[in-house]
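Novice: Let me give you the structure first, and then I'll get to my questions.
Bear in mind that the values in this text are calculations on the coordinates, not laboratory data. The structure presented is a predicted model; accordingly, all values stated were derived computationally and were not measured. Heads up, the Cβs are rebuilt from the backbone with ideal geometry, glycines too, and the neighbour counts pull from every protein chain shown.
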Amino acid sequence: MAKNKARKQNDKHKITWETVWKQRYLFMMSLPFVIWIIIFKYIPLWGWTMAFQEVKPATFALPIWERKFVGFDNFMRGFQDRIFKQTMINTLGISILQIAVGTIVAITFAVLLNELCFTKFKKISQTISYLPHFVSWVIIASIAKNLFNDGGVIDTIAGTNLHLMSTNSPLIWVVIVIIDCWKEMGWNAIIYLSAMAGIDQGLYEAAQIDGANRFQRIWHITLPGIRPTIIVLLIMTIGSVLGVGMERQMLLSNGLVQDHTMVLSWFSYLRGIGSSDYGLGTAIGLFQSVVGVTLLLIANKIAGMVGEDKLV
Amino acid sequence: MVKNKRTWFDYLLVVIFAFILVITLYPFLNVLAISLNDATDTLKNINFIIPRKFTLSNYKYVFEEGGIVAPFFMSVAKTVVGTLVGVICTCMLAYTLSRRDFICHKPFTILFVITMYVGGGMIPEYLLIMRTLHLGNNFLVYILPGLVWVYNMILVRSYIDGLPMALQEAAKLDGANDFQIWYKVVMPLCTPVIATIALFYAVGQWNSFMDTYLYAKDLPTLQYKLYEIISQARMQVDTHNTSETTQAVTPMAIRMAVTIVATVPIVIVYPFVQKYFIGGMTLGSVKD
């Protein structure tokens, strides 16, 4: 088979009309999708140019060279927007809280599950822990209303009104992060569990002979064993620190707390599509991407400098 | 494996996980119980998981007057069509890109893989779909923009790469053309991976909400309908309907019934789906 492939590699260099004709079915089976991806993925990429132009519904139909070029004006208007500062604080606050809490919870869950020795129970626990991951955010939002709204399940258990989803303060960040952790905990643990499965079992046996107790084994073998995985995942999440999704924020928000749930992607939607200021909306999106890539590269660099495994 | 005598820690772990399971399941059971409970009775206290006054009237109301029948079928149509078309297109493309002798193998592969890392973002995509292609409120908007997930395509391609090449060559000698080889030889061998990606597409389609929200508010799906109910109830703060004294149905009861209708297909499917998803997830972390 390997030989076969090598021979084919050689044939590839001679591109003649004859080969094109011979492979006409392959072309017929792939060209429609090439056209599709150019339309749906590459044309929007070209849309980044709108960030530097004045684009309003009236001027959208104009060809690109006839639109007014405004340099960084869209960015400046975005940054000076009345709610931009609070939006930025919310985005960073929710993101950092989520990265910190989400990572710790997922690792703890994975470590504990790894220690659980009743196989059947372990399997059931794991399967059930995935359930919320497969359920859509709309459904989660509906369920969250029961639990966190005034007079909801948690208020009933607490016996007082905690105003969890009606206080206009960063408390809503905590509520959102808790809900997100609840939804994704079991799912995010999978990657750590598979890293743990790769740890040499001999290490545990040796440690046991040396008299290490269970906590020492977790601390000195399991956690260092999954350290590269943790670092790689952290680097990747740092890249998405400004990319907090709009769907979750919008669904878990309400009029009372909206000041503290607004994030950049939602802001971009409101200004770009809600108020039809396409240029500004695109500029915010571009800002998010550029900052994301920059942070990813910085985090990667730092990881390399302190001697951790790098992403690339 | 280190075999140990069971210690207090093992039993503590069981208690911890029992607690986690309760936290995970309680919210779902609570929703189910409220949806099956008499709506006015629910207003007294919503903290329960066994219906106090069992009734099916919430569901009856939701299906007869709640206007969710059309959204339900829209969701079903979108899921079925999206999955079917998605699977066929993904497999077809994956097959051509698995053919190393295909002269466009390399450029096409690069063209597709790049899009996994860079995207145009929300506003340019929105403008393309609504202003340039005029797909707003058209059923096609549910199918076309997400026609092929490149990740799924790579899954199928690496599966095809693992199949013996000899089968394709034998078919070729028998005079089959590339299209025939694809659907008569390769596709039947791909059943496991087809099942996997079909589940990916189906769960994605059933759960998606932003596509309706952004592009097709006139073609509401179940998820969108539920969103509308959530945001309406937010305004009315769950005041119950006093006009119907005989069969009181509160916004909350309606919301719970719709939530259950939207959740049930996922709950039925996900235990079967999860192992494929996990396979896909760990493959992604190991391969390239």
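Novice: May I ask for the equivalent-ellipsoid semi-axes of the protein assembly as shown, computed as the square root of five times each C-alpha gyration tensor eigenvalue and listed largest first in whole Å?
Specialist: 40, 34, 27
Novice: Find, among the trypsin sites (Lys or Arg not before Pro) in segment A:58-110, those assigned to loop by DSSP (not H, G, I, E, B) with at most 14 other beta-carbon atoms within 10 angstrom.
Specialist: A:Arg82
Novice: Cα atoms only: what Rg and Dmax, in Å, come out for segment A:32-184?
Specialist: Answer for segment A:32-184, Rg first and Dmax second: 23.1, 69 Å.
Novice: Roughly what would the spin-label model give for A:Ser276 and B:Ile88, points 7 Å off Cα along C-beta, in nm?
Specialist: Calculated label separation equals 3.9 nm.
Novice: For chain A, just run the numbers: alpha carbon Rg, then divide by 2.2 N^0.38 Å, N being how many residues it has.
Specialist: Compared with the compact-globule rule of thumb, chain A sits at 1.31.
Novice: Specify the residue with the greatest mean-square fluctuation among B:Val69, B:Val273, B:Val15, computed from a Gaussian network of chain B linking alpha-carbon atoms under 10 Å apart.
Specialist: B:Val15
Novice: With a 10 Å Cβ neighbour count serving as the proxy for reagent exposure, in which order, fewest first, do B:Leu56, A:Leu252, B:Leu84 appear?
Specialist: Numbers: B:Leu56 10, A:Leu252 22, B:Leu84 14.
In increasing order of surrounding Cβ atoms, one gets B:Leu56, B:Leu84, A:Leu252.
Novice: Ok, one more. Among A:His133, B:His134, A:His260, rank each residue by its count of other Cβ atoms within 10 Å, from fewest to most, as a rough exposure measure.
Specialist: In order of increasing Cβ crowding within 10 Å: B:His134, A:His133, A:His260.
Novice: Expressed in nm to one decimal, what extension gain is obtained for the pair A:Thr294 and A:Trp17 from 0.36 nm per residue of sequence separation less their Cα-Cα distance?
Specialist: Computed gain between A:Thr294 and A:Trp17 is 95.2 nm.
Novice: If the reach is capped at under 17 angstrom between alpha carbons, list the aspartates and glutamates near A:Lys56, excluding any in the same chain fewer than eight residues apart.
Specialist: Within reach: A:Glu66, A:Asp73, A:Asp277, B:Glu125.
Novice: Step through the table entries A:Lys123/B:Lys44; B:Lys78/B:Lys172; A:Lys301/B:Lys275; B:Lys60/B:Lys217, compare each Cα-Cα distance with 30 Å, and write down the pairs that go over it.
Specialist: Violating the 30 Å Cα-Cα cut-off are A:Lys123/B:Lys44; B:Lys78/B:Lys172; A:Lys301/B:Lys275.
Novice: Where the centroid of each part is defined by its Cα atoms, how far is segment B:107-166 from segment A:255-312 in Å?
Specialist: When both Cα centres are located, 23 Å separates them.
Novice: Additional query: Say a site is exposed when it is one of the GluC sites (Glu not before Pro), sits in a DSSP loop, and has at most 16 other Cβ atoms within 10 Å; what is then the longest site-free stretch of chain B?
Specialist: B:66-243
Novice: Find how much the distance from A:Tyr42 to A:Lys68 grows on full extension, using 0.36 nm per residue of separation minus their present alpha carbon separation; answer in nm with one decimal.
Specialist: Extra length available between A:Tyr42 and A:Lys68 comes to 7.1 nm.
Novice: Obtain the nm distance between the two label points defined at B:Ala18 and A:Lys56 by a simple spin-label model: each point lies 7 Å from its Cα along the Cα-to-C-beta direction.
Specialist: 6.7
Novice: Another question, then. Could you work out how much longer the chain between B:Ala195 and B:Thr7 gets when fully extended? Use 0.36 nm per residue separation minus the Cα distance between them, nm to one decimal.
Specialist: On the way: separation 188, 0.36 × 188 = 67.68 nm, distance 4.26 nm.
Full-extension gain reported as 63.4 nm.
Novice: Here's something else I'd like to know. To make sure I understand, if each residue's beta carbon is the centre and we count other beta carbons within 10 Å, what order do A:Met196, B:Met153 fall in, fewest to most?
Specialist: Taking fewest neighbouring Cβ atoms as first place, the list is A:Met196, B:Met153.
Novice: Run the quick spin-label model on B:Phe179 and B:Phe63: label points 7 Å from Cα toward the beta carbon, then report their separation in nm to one decimal.
Specialist: Using points 7 Å along Cα→Cβ, the separation is 4.4 nm.
Novice: Any number yet on Rg/Rh for segment B:153-227, C-alpha, Kirkwood?
Specialist: Result: Rg/Rh = 1.24.
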